[in-house]
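The values are calculated or read from the model by the stated rules, or taken from the named source; none is laboratory data. All values reported here derive from a predicted model rather than from experimental measurement. Using ideal geometry, Cβ is built from the backbone for each residue, glycine included, and neighbour counts are taken over all protein chains shown.
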Amino acid sequence: MVKSNRQAVALAALAFALAQAPGVAFAQSSTDAMPADDAAQGGDIVVTGTRIAVPGLTSSSPVASTSQEQIKLQSALTIEDFSTKIPQLSGGVRQGSQGSDAFGAQVLELRNFGQSRSLVLIDGTRAAPFSFRNSVDVNAIPASLIKRVDVLTGGAAAVYGADAVAGVVNFILNDEFTGIRGTATSRLSEHGGAQYGGSLMMGTGLGDRGNIVIAADYTQRDLIRAGKRDWAATPNQTIPSLGGVFTDVASGRKFGFSDSGEFSTNPSATSNISDQYPLVSPLKRINVAALYKYEITPQIEIYGRAMYTNSRTEETGTPGATPASVNRTVSISESNPFLTDAIRNQLTFVNGAAQVNVARSLGELGLVNYETERNTLQLQTGLRGPLTSAIKWNFYAQYGRSTENTLITGDGLVSNAAGANNFAAIVNTVNIFGPNAALGDALGSDINGFNRKRDQFVTAATLSGTLEELFSLPAGPIGFAIGAEYRRETASITQDTALLTGNTYRQGVQAAYSGSFDVKELYGEVLIPVLRDLPLIRKLDVGGAYRLSDYNLFGTHGTWKVEGNWEVDRNLRLRGTYQRVLRTPNFGEFAASTSSLPFNNLVTVDRLKPRYGGDPCVLGTGDAAQCARLGAPAVGSANSNAASYLTGNYYYGGNPDIKPETGYTTTIGGVLTPTFLPGLNITVDWYELDLKGAVGVIQPIAAITSCYITNPTAGNPLCGLVTRNSDGTFKDAYVNNQNLGRLLQRGLDIGASYTLRQDWLPGEGLRLSYQGNIVTSYKIQANSTVAAIQCKGTFGATCSSDGTTLVQPDYRHTVGVGMLFDKGVIQFDWQRIGKVKSSTAGSTETISAQNTFDLSASYDFTETVTMSAGVYNLLDKNPPRVSTGGVFNTFPDTYDILGRTFGFSLTAHI
């Protein structure tokens, strides 16, 4: 009943928006797979979701498009500046995703299904991946070149191959541009933080036979520290004392120093410098790209693209920003020159030396920081042309490479080459007493790690068109596409010796590994016109697609699609697809060696805290019999959230025995274009994504919850993923990738657009649209032996399919109103993220629905000069606060963390 009411409210809101408040939404639903601008310019038809490109083709799959105009109104410098407004895109990795292995990249994620299950294309072909998850850093795509962005949801593996499980994001680039266009853009946050940059595009026709476009972009984003946002304050996030706590072993006497350097015999054991931690990663990025096409003969056109991106970012890396620390007993010499009388009075010297336990942060080394430089290159060239008047051929080859080098600062080596402890070696030659000691030069060591390289080579040949020259059915000619594709991918990562051996203060053990695979594929599509111009059947088409994929590592698999398109009359069109989808394991899942971090990082590193929620047996929430069976401590007998309670390591890595994921996706929907209200377009599509054998990891919080709370049975296999010491404290956690149970999501996508032109309206009229997503069910089954968890409308690591996006709202929309003028537009946008509740067992915490608003405008001063400006997050809405499980008290992967932001863009085009 609650679910029905929620959906009814959402649909009522749509109806009210259409009837009462015309608006402009950010993404518009595409009902025609051949955009009008492509047809008008005579350009090549780019149809997202099919290789059958014929005029007038309509899409059987839901496609939401974002136009170049909407990107401009967002003063977009990066893809993130506008992609976060698209309801079907969940959090993914963003500028605030500190500590991820994306190292400053922006990664898209559809439907909360994990970044590895969303395929990114450029003009219908694969973009070059950068990570071991096969993810694409979309910041490598110049925003200035984008003509539109198509988001196809519901899977497309039969058309595009593996990874297109949750859907496809297709960036269509402007290869028809002519002239010279320069743009300067800035985005300034009211509470600190800025983005600025510019672009230069040059395009020219090559006679009447082709075109070439060259673009260069520069973007810079400033670092924002947590102290710049009041809501990010974390008073409980402490580190070992910066001044140090010193314990004389012989007598037990303690002394130490405050953060300001004052001596005390009753010192505080902790300090808090969390306001210095980075909240937003800084970015410097250069994009250079060229698009070209040229008709060599009437039968042969050469085309392609060259794209290069250099990006430099800084973030906290996997261990978080927390400074390195020591807790070690060392020998202090009686002749130590840094001993004051106060210190000497606390020490017991035997044979000229005192044994002293030193517990202190090595804040002098600085915050742990990953300085990463990424170079991404993709080269593509192809030939295409007409084979006959009805059939076209296309052959292309493309190569992509991404290389990364990461310099880790703020860390050091625990032991020297001879095995001696470096800290113990300097305690009598360097002043270790009090903060701001000269420890940086003595202990600090830059570490060169995470040198990653990804290569991708793709070549494909396609024939497409219609069979009209051979025969036609009564309803029209059959459309088809057939082709072959070969793809080879390689990856490698090398590490500093210190990382391989675990000889650092903060990094744990990081493995080096490499891998490769290739796949040979045959694919085909067919579109059959069945009926035309009959009562209640103006047009009825059915179609299908099949792809046979032969992987050298994962075997041979087939994926397929069946679809139907029924145009009842000019008012109503019904559509549907049913597909078998496939995703093969990525390098991080099948090739990665086992790495590890100290288990207690899950309570000391803010980003990792959602992965652990305490010991239910100690907290009193666990099943008593199960706790006794596994030797847990008694209720209330310990602090299970203390670092000392997690004594071992957190092991993670790949699994060579992983199998491909397989599943089925279904979409059923309708497109309403009423003739009595020209220009109104409403789409409603129901979808189901059902993926079995999903690859992922079971985080400690999920394993512990299952073992002790939701399924406290003796044979629960998840209990073995978190082991105990003889005293009952937790020892080790194992989170290696494996084929888990099932991901199942059902929901509705709703889109609407309308332009109202009346004489009584000011300007040229009002334009409105709505794009919304309603999730009716989202179940995650962590393992085939345990029950599925209902995750719609929740937040927290328990309901995260890959640990990236931690918020799964059951409703999102973007809706707004725009007033059109002869030389510009004023637009008001409203984004809403629905209410969510904690997925942690026993928790009643909720996050209320969040609403943010944008006001933007564009104006053509002359035929060559245009200005765009906007205020984003107009009411300066802070992100919601959560008590546990978030990062800086919230979820930067989902909610806006910048606050009110002012954007300005000036463009000159000659």
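A few remarks follow.
- All conditions but one from (1) modelled with pLDDT of 95 or more; (2) polar (S, T, N, Q); (3) within 30 Å of Val526 (Cα to Cα) apply to Ser389; the one that does not is (1).
- Every residue from segment 781-812 that is out of contact with any helix residue (DSSP H, G or I) (no Cβ under 9 Å at 6 or more places or on another chain), outside any strand (DSSP E or B) and farther than 30 Å from Ser65 by Cα: Ser784, Ala788
- Those residues of segment 208-230 which are part of a strand (DSSP E or B), more than 12 Å from Arg181 (Cβ to Cβ) and more than 28 Å from the chain's Cα centre (by Cα), in sequence order: Gly210, Asn211, Ile212
- Among the residues of segment 347-385, those that are closer than 26 Å to Tyr505 by Cβ and either assigned to a loop (DSSP other than H, G, I, E, B) or free of Cβ contacts under 8 Å to residues at least 12 places away in the same chain (or both) comprise Leu347, Leu362, Gly366, Leu367, Val368.
- Among the residues making up segment 785-803, those that are over 19 Å from Gly886 (Cβ atoms) and modelled with pLDDT of 90 or more are Gln790, Lys792.
- Test: Ala849 is in contact with a helix residue (DSSP H, G or I) (Cβ under 8 Å, 6 or more places away or on another chain) and closer than 21 Å to Tyr770 by Cβ: no
- At least 3 residues being at pLDDT 95 or above is the threshold, and among the strands (runs of 3 or more DSSP E) wholly inside segment 813-896 those reaching it are 824-833, 850-860, 865-872.
- Among the residues of segment 853-899, those that are among the hydroxyl-bearing types (Ser, Thr, Tyr), touching a residue at least 40 places away in the same chain (Cβ under 8 Å) and over 26 Å from Gly763 (Cα atoms) comprise Thr884, Thr890, Thr894, Tyr895.
- Search result, residues across segment 753-780 that are hydrophobic (A, V, I, L, M, F, W, C) and either assigned to a loop (DSSP other than H, G, I, E, B) or touching a Lys or Arg at 6+ places or on another chain (Cβ under 7 Å) (or both): Trp760, Leu761, Val775
- Within segment 654-681, residues that are closer than 30 Å to Glu589 by Cβ and in contact (Cβ under 8 Å) with a residue 24 or more places away in the chain reach partners that are among the aliphatic types (A, V, I, L, M) and not in a strand (DSSP E or B) with beta carbons closer than 6 Å, at six or more positions or on different chains, in the pairs Gly654/Ala591; Gly654/Ala592; Glu661/Ala694.
- Considering segment 597-628, the residues that are of a type in the set (S, T, N, Q) and within 18 Å of Asn236 (Cα to Cα) include one that is surrounded by the most Cβ atoms within 10 Å (Cβ to Cβ), namely Asn601.
- Of the residues examined, Glu301 is one that is outside any loop (DSSP other than H, G, I, E, B), more than 28 Å from the chain's Cα centre (by Cα), of a type in the set (Asp, Glu) and farther than 15 Å from Asn431 by Cα.
- Residue among Leu470, Leu522, Leu531 that alone is of a type outside the set (Lys, Arg), assigned to a strand (DSSP E or B) and within 19 Å of Ala53 (Cα to Cα): Leu522
- Of all the residues in segment 712-722, those that are surrounded by fewer than 20 Cβ atoms within 10 Å (Cβ to Cβ) and within 31 Å of the chain's Cα centre (by Cα) number 2.
- Ser274 in contact with a Ser or Thr (Cβ under 6 Å, 6 or more places away or on another chain), surrounded by 19 or more Cβ atoms within 10 Å (Cβ to Cβ) and touching a residue at least 60 places away in the same chain (Cβ under 8 Å): yes
- One residue alone among Pro298, Pro240, Pro267 is crowded, with 17+ Cβ neighbours inside 10 Å and either under 30 Å from Ala216 (Cα atoms) or in contact (Cβ under 8 Å) with a residue 60 or more places away in the chain (or both), and that residue is Pro240.
- One residue from Pro610, Pro616 being within 24 Å of Ser838 (Cα to Cα) and either at pLDDT 95 or above or more than 31 Å from the chain's Cα centre (by Cα) (or both): Pro616
- In this structure, Arg746 does not satisfy being farther than 22 Å from Gly696 by Cβ, at pLDDT 90 or above and surrounded by fewer than 24 Cβ atoms within 10 Å (Cβ to Cβ).
- Flag for Val63 being at pLDDT below 85, β-branched (Val, Ile, Thr) and in contact with a strand residue (DSSP E or B) (Cβ under 6 Å, 6 or more places away or on another chain): no
- Selected residue (only one of Thr429, Thr388, Thr340 is without any contact (Cβ under 8 Å) to a residue 24 or more places away in the chain and hydroxyl-bearing (Ser, Thr, Tyr)): Thr429
- Within segment 769-788, residues that are closer than 13 Å to Ile698 by Cα reach no partner that is surrounded by fewer than 17 Cβ atoms within 10 Å (Cβ to Cβ) and of a type in the set (Lys, Arg) with beta carbons closer than 6 Å at six or more positions or on different chains.
- Looking across segment 723-737, just one residue is within 22 Å of the chain's Cα centre (by Cα) and either modelled with pLDDT of 95 or more or surrounded by fewer than 19 Cβ atoms within 10 Å (Cβ to Cβ) (or both), and that is Asn736.
- Residues of segment 393-452 that are within 30 Å of Met307 (Cβ to Cβ), buried (at least 20 other Cβ atoms within 10 Å of the Cβ) and charged (D, E, K, R): Glu404, Arg452.
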